[in-house]
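Have a look at the structure below, then the notes.
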Amino acid sequence: MIRMSGLHGGSSGSESDGVAEIEWELRPGGMLVQKRIVDPGTPPPPALCLRVSYGKSKIEISVSSRSTFWELKKLLEAETRLKPSEQRIMYKGKERENGEYLDRCGIKDRSKLVVVEDPSSCERRYIEMRRNVKIQDAARAISALSLEVDKLATQVKSIEKSISSGNKVPELQITTLIELLMRQAVKLDAIHAEGDASIQKNLQAKSVQKCVEALDVLKQSNGKLNHVIVTTKWETFDPPSTTQWEFFE
């Protein structure tokens with residue numbers, strides 16, 4: 001419920017030379033409006049039922065006659081899905097300021113108002129939407145690359161296990177794996193990422209670098225081993241027949 005100010009019951013402070021001193025109050029959000037002093041004997045302000053047009057939508061909303069246009073905008077946020085700062089309220093063809101009071105602008109019960117979206121907010125929303133699309137695309141691309149990097153990292157561990165056991169692996173297998181990792185690094189570098197996606201990108205880049213460095217070390221260790229372990233299964237054949245044949249002239 002929005003807090004409403006009371007009716008101005010007279011001038012505040014002392015009056016000098018017939019001029020009353022006007023008091024001002026600072027509303028939440030930094031808005032400065034003329035202060036209304038509550039008179040205990042004043043009846044509660046009447047509620048107005050306003051007819052508001054927003055695009056093709058017709059909205060009826062109840063609000064105190066002593067509300068400001070900013071307070072009205074906050075009530076309209078749920079209906080228009082526009083933040084108060086994104087709304088512009090027109091009454092009798094004129095845009096009304098946030099700090100103006102409804103009753104002092106001549107607004108009565110069943111008055112018609114028009115809400116339009118601030119053009120600058122439309123542009124900001126479009127830019128933000130495009131930015132979010134790019135962030136989502138980057139996140140998906142990084143996620144796909146991370147799956148490939150994980151597969152290659154598994155192969156690195158397999159080679160490391162073989163070499164640690166004293167089993168030499170074909171050098172081509174190591175160099176091919178390094179090349180595949182470098183291709184992933186190039187793809188990763190081409191992705192423009194922001195926010196959380198940027199963090200994931202950096203983590204994957206470090207993972208690729210770690211794998212390449214590990215393979216460089218394994219390549220040197222592998223070169224010191226003598227026997228190559230071939231995992232290919234070859235088909236075996238029976239030895240050739242030793243039967244002696246008799247030749248005739």
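Only the coordinates and a few stated rules stand behind these numbers; no lab work does. All of these numbers come straight from a predicted model, not from anything done at the bench. For neighbour counting, all protein chains shown are included, and Cβ atoms are generated from backbone atoms with ideal geometry for every residue, glycine included.
A simple spin-label model places the labels of Arg183 and Asp216 2.2 nm from each other, with each point 7 Å out along Cα-to-Cβ. Report note on the peptides 50-62, 101-113: ranked by the mean count of other C-beta atoms within 10 Å, highest first, their order is 101-113, 50-62. Taking a straight line from the alpha carbon of Lys134, these lysines sit under 19 Å away, with near neighbours fewer than eight places off in the same chain left out: Lys187, Lys201. Once backbone amide H atoms are built at 1.01 Å from N, Leu48 has Val63, Ser64, Ser65 as its partners under 5 Å, excluding neighbours fewer than 5 places away on the same chain.
If every alpha-carbon in region 73-190 counts as one equal scatterer, what log10 I(q)/I(0) does Debye give at q = 0.18 1/Å? Log10 I(q)/I(0), no solvent term: -0.98. Counting beta carbons within 10 Å around each of Thr68, Thr175, Thr154 and listing the fewest first gives the order Thr154, Thr175, Thr68. Distant-in-sequence amide contacts of Leu113, defined by a placed amide H-H separation under 5 Å and a gap of 5 or more residues or a different chain, comprise Arg51, Val52, Ser53.
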